[in-house]
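Working notes, beginning with the structure itself.
The values are calculated or read from the model by the stated rules, or taken from the named source; none is laboratory data. In this text the structure is predicted, and so the values were computed from the model without any measurement. Neighbour counts are summed over all protein chains in view; Cβ atoms, including those assigned to glycine, are modelled from backbone coordinates with ideal geometry.
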Amino acid sequence: MSTIINTTNAPAPIGPYSQAVLAGNMLFVSGQIALDPASGELILTDIPTETTKVMENIKAILTEAGLEFGNVVKSSIFLKDMGDFAKVNEIYGSYFSSNFPARETVQVAALPKNVNVEISVIAYKG
């Protein structure tokens, strides 16, 4: 059995998917981009600001599910330009204090709405 997790504090899905799905003790958070949930506008000022918005959207979804970044066990980072890796990694890392999750970071040809970064996570509720 699974439960759909949805919050108005993160962007509404822009396609046929859910913000997150809780399946047993595992929370699967869909890839987040730098959409402001209140205005629906993209935040593309610079890569640190864009990454912070992505992480804040993930935080809102985790919070709605009663979790925090310490529950994240796996993350996937998709970058339009691997040259942004160091800046993204710095912002991403600031959301974790210890027991860092498993992760991969890949450069892709394009991302939804032509953003520069998309991040998804899997968290354990235990």
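Looking only at the range 16-30, which residues are in contact (Cβ under 8 Å) with a residue 24 or more places away in the chain and surrounded by fewer than 18 Cβ atoms within 10 Å (Cβ to Cβ)?
Residues satisfying the conditions are ASN25, MET26, PHE28.
Restricting attention to the range 57-75, which residues are buried (at least 17 other Cβ atoms within 10 Å of the Cβ) and of a type outside the set (A, V, I, L, M, F, W, C)?
Answer for the range 57-75, where residues must be buried (at least 17 other Cβ atoms within 10 Å of the Cβ) and of a type outside the set (A, V, I, L, M, F, W, C): ASN57, LYS59, GLU64, ASN71, SER75.
Name the residue, out of VAL117, VAL106, VAL54, that is loosely packed, with under 12 Cβ neighbours inside 10 Å, of a type outside the set (D, E, K, R), within 19 Å of ILE33 (Cβ to Cβ) and touching a strand residue (DSSP E or B) at 6+ places or on another chain (Cβ under 8 Å).
VAL106
Within the range 103-126, which residues are under 16 Å from GLU50 (Cβ atoms), touching a Leu at 6+ places or on another chain (Cβ under 7 Å) and part of a strand (DSSP E or B)?
Within the range 103-126, THR105, GLN107, VAL117, GLU118 qualify.
Just to be sure before I move on: is PHE100 in a loop (DSSP other than H, G, I, E, B), of a type in the set (Phe, Trp, Tyr), closer than 24 Å to LYS125 by Cα and modelled with pLDDT of 95 or more in the structure I sent?
yes
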